[in-house]
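K.L.:
What follows is a structure written as structure tokens; I'll ask about it next.
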Amino acid sequence: MSLHGQLALADAASAANTFIDTFLWVYILLLFVYVLMSWVRLPYTVWVRRVNDFLRDVCEPYLRIFRRILPPLGPLDLSPVVAMIALIALMRVVDALFSRYS
């Protein structure tokens with residue numbers, strides 16, 4: 001492969017890695033906001049309901065996976081913590097895979 005081809009592959013790999021990392025960080029942030037909104041009672045307005053509905057639709061399917069695996073600990077739900085740790089671990093694996101191309 002020529003030097004130009006190698007540079008193009010490295011640039012594409014770097015761009016893909018940056019996109020995946022950004023996507024995972026945004027999802028972790030959404031999970032964090034979803035958990036905070038479940039703890040804090042905000043005034044009931046249309047925009048709060050819409051944000052809460054959006055976060056529920058985006059976060060609950062992923063959290064449900066961990067709720068099936070983890071045993072319930074009374075009122076304490078550890079699934080968001082484990083879900084975020086799993087996303088960070090996935091990010092590390094993706095970074096390690098893409099580091100081969102840079």
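The values are calculated or read from the model by the stated rules, or taken from the named source; none is laboratory data. It should be emphasised that the depicted structure is a prediction, and the values quoted were computed from it without experimental measurement. Virtual Cβ from ideal backbone geometry, glycine too; neighbours counted across all protein chains shown. Calculation scope for accessible area: heavy atoms of the full protein, side chains included, ligands and nucleic acids excluded. Shrake-Rupley method; radii C 1.70, N 1.55, O 1.52, S 1.80 Å.
K.L.:
Looking only at region 26-56, filter to residues that are without any contact (Cβ under 8 Å) to a residue 60 or more places away in the chain and under 25 Å from SER99 (Cα atoms); which one of those is most open to solvent (accessible area, probe 1.4 Å)?
P.N.:
Applying the filter and picking the extreme gives LEU29.
K.L.:
Now a separate question. Consider region 1-25. How many of its residues are surrounded by 13 or more Cβ atoms within 10 Å (Cβ to Cβ) and modelled with pLDDT under 95?
P.N.:
Selection size over region 1-25: 6.
K.L.:
While we're on this one: For SER99, are the conditions met, namely being under 30 Å from SER14 (Cβ atoms), open to solvent by 60 Å² or more (accessible area, probe 1.4 Å) and among the hydroxyl-bearing types (Ser, Thr, Tyr)?
P.N.:
Yes; evaluated as a whole, the condition is true for this residue.
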